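What follows is a set of notes on a single structure, which appears directly below.
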Amino acid sequence: MSRGDMAKPLLGHRSLEGDPSTPAAGRTIGVLGSGDFARSLAIRLVCSGFKVVVGSRNPKRKAGLFPSAAEVTFQAEAVKKTDVIFVAVFREHYSTLCDLADVLAGKILVDVSNNTEINHHKESNAEYLASLFPASTVVKGFNVVSAWTLQSGARDGNKQVLICSNNQEAKRTVAEIAQVMGFTPVDMGCMSSAREIENIPLHLLPAWKIPIFLALGLFLCFFTYNLIRQVIHPYVREQKNKLYKIPIEVVNTTLPCVAYVMLSLVYLPGVLAACSQLYYGTKYRRFPDWLDQWLQHRKQIGLLSFFCAALHAVYSLCLPMRRSHRYQLIETAVKQAVEKKMNIWVEEEVWRMEIYISVGIIALGLMSLLAITSLPSIANSLNWREFSFIQSTLGFIALVISTLHTLTYGWSRAFDENQYKFYLPPTYTLTLLVPCTVILAKVIFSLPCIQQRLLRIRRGWEKGRYVKFILPSATGEFSSGETSSNV
């Protein structure tokens, strides 16, 4: 990016300088450091209407990396010109700033650093910086925002900026700066929260670990089961080498099983939660931790289900491209020619495959809609009723259609003894257990007697709760009494 390009606001952001509603706009902000984050921070501050002074140990060499509107000078000179300074240097370089301790006294230092490992040091970087400069006020913030988000604008990344400090006034000043830059400041409390804030960017998909392990576990189980049926059984019984089926056929048989079961696991915890509420007659009893965690991971489980379903669709389209499939077609054609069979049309199989493929396409389309609406940018544009209709109603319809897709695949083969290899039932029959349980439970819950009771519980009614009522006495006056709400 050229120096001239850096001077242009990336989002066409209007300068807020002079706007009385934003007192932080137009003030001078200092940035110590000349790395990628410092450069992105300076660009964003300039685009937001601030005057930026960058402090560097080599200002002449680093000046071309910053927008022309920003002043690049020596660190001591930059510190003297502002009261709010972003410290954009690594923890191991904090000691190089000790010579500026007298100049930094009484100023607000915003620590934006992160570590390379979780809890790498006994104390947080912000606390360490505060110990080096006790006469300054340290605020932890902006470390959860990436350099790309700073350059592209808050609309292209997480808008939240987590802030903590022991000084309320300093936090308020940094929060105002964050608001002018287009971010949403979140007060995380005192400086003791800095350790937690610094660990946030280091977590690798924390909400995805359990769903991913669940998907991998299901994949390994179904893959092993299909391997036994499709590869090991022919070798043991007929001495046929079917190892070529492993990369495509076995995987393609496993993926829909995982997708189908994972989709049912999205709606099973809701069924268990409803059963718990009906049993205890209240919505205020806390769910067990395992059920609570399950409910919180439904989004990730659903997205992984869609991922496996999409892979299954791609693998299925590639089946006719295999060399083994071409050999089998030629072999079948030769056999038919030898046996002089002119018509091999089987009406039942034709209809089964037509319905099977059509229903599968509809199921994949509905799962695509569920996946798209789970994205924050799409979900935020929907009201609660729209989101609930898509994720709950259409999601259940997707589960029902997926069940029809599975049943159409099986057709009458579940009653064919040749399908039970090593006395093991076909794989698709195993996948039907959990989804059919969920569908049956949903049907039972839709019965008026149960639906009304569940609705009352979710509106606050509790079994065994006593409520006050008023009765007229013999003298015509009214007296109060109590009765149980479950009478």
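The listed residues LYS421, LYS107, LYS140, LYS209, once ranked by accessible area (1.4 Å probe) with the largest placed first, stand as LYS209, LYS421, LYS107, LYS140.
Taking every protein chain into account, the accessible area of region 206-459 amounts to 62 square angstrom per residue (probe 1.4 Å). If you bin all the Cα-Cα distances of region 206-459 at 5 Å, starting from zero, the percentages per bin are 1, 5, 10, 14, 17, 16, 12, 9, 6, 4, 3, 2, 1, 0, 0. When Rg and Dmax of the Cα atoms in Å is computed from the coordinates, the matching label among [x] 41.6, 159; [y] 23.8, 79; [z] 32.3, 105 is [z].
Relative contact order of the chain: 10 percent, from C-alpha pairs under 8 Å at least 6 residues apart in sequence.
Cβ-Cβ distance of LEU455 and ARG413, R₀ of 56 Å, FRET efficiency by 1/(1 + (r/R0)^6): the value works out to about 0.85. For region 289-384, the set of chymotrypsin sites (Phe, Trp or Tyr not before Pro) satisfying both a DSSP loop assignment and a count of at most 13 other C-beta atoms within 10 Å is given as TRP345.
Of the residues ARG323, ARG453, ARG286, the one with the largest accessible area comes first in the ranking ARG286, ARG323, ARG453, computed with a 1.4 Å probe on protein heavy atoms. A 1.4 Å probe run over region 28-202, with the rest of the protein chains in place, finds 42 Å² accessible per residue.
To put it simply, the accessible area of region 28-202 at a 1.4 Å probe is 48 percent carbon and sulfur. Remark: spin-label model distance GLU348-SER324 equals 2.7 nm, labels positioned 7 Å along the Cα→Cβ axis.
Solvent-accessible area assigned to carbon and sulfur over region 206-459 amounts to 67 percent, based on a 1.4 Å probe. In this structure, ASP187 and SER276 have a Cβ-Cβ separation that, at R0 = 41 Å, corresponds to a calculated FRET efficiency of about 0.70. Would you work out if region 26-93 is rounded, prolate or oblate? Take a ≥ b ≥ c from the square roots of the eigenvalues of the alpha-carbon gyration tensor; rounded if a/c is under 1.5, else prolate when a/b is larger than b/c, oblate otherwise. Because its axes are fairly even, with a/c under 1.5, region 26-93 counts as rounded.
Net length available on complete extension from THR332 to THR393 is 17.4 nm, with 0.36 nm assigned per residue and the Cα-Cα distance removed. One decimal place: the segment ASN58-THR429 gains 126.5 nm when fully extended, by the rule 0.36 nm per residue minus the C-alpha distance.
Rounded to the nearest 10 degrees, the inclination of helix 395-410 to the longest alpha-carbon principal axis of the chain is 40 degrees.
Give the angle, between 0 and 90 degrees and rounded to the nearest 10, that separates the Cα long axis of helix 347-373 from the longest principal axis of the Cα atoms of the chain. Taking Cα atoms only, the helix is inclined about 20 degrees. Against the criterion of solvent-accessible heavy-atom surface with a 1.4 angstrom probe, ARG172, ARG237 sort, most first, into ARG237, ARG172.
When only alpha carbons of region 33-160 are considered, Rg and Dmax amount to 14.3, 40 Å.
Roughly how far apart, in whole Å, are the Cα centres of region 64-136 and region 309-358? Each part's Cα centre sits 68 Å from the other's. Which of the GluC sites (Glu not before Pro) found in region 320-410 are loop residues per DSSP with 15 or fewer other Cβ atoms within 10 Å of their Cβ? For GluC sites (Glu not before Pro) across region 320-410 that sit outside H, G, I, E and B with at most 15 neighbouring Cβ atoms in 10 Å, the list reads GLU339. The sum of -39500 (n - 2.57) across all DSSP H runs of n ≥ 4, divided by the residue count of the chain, sets its helix-only mean residue ellipticity at 222 nm to -15000 deg cm²/dmol.
The values are calculated or read from the model by the stated rules, or taken from the named source; none is laboratory data. Remember, it's a predicted structure, so these values are computed and weren't measured experimentally. FYI the Cβ positions are ideal-geometry reconstructions off the backbone, even for glycines, and counts take in every protein chain you see. Calculation scope for accessible area: heavy atoms of the full protein, side chains included, ligands and nucleic acids excluded. Shrake-Rupley method; radii C 1.70, N 1.55, O 1.52, S 1.80 Å.
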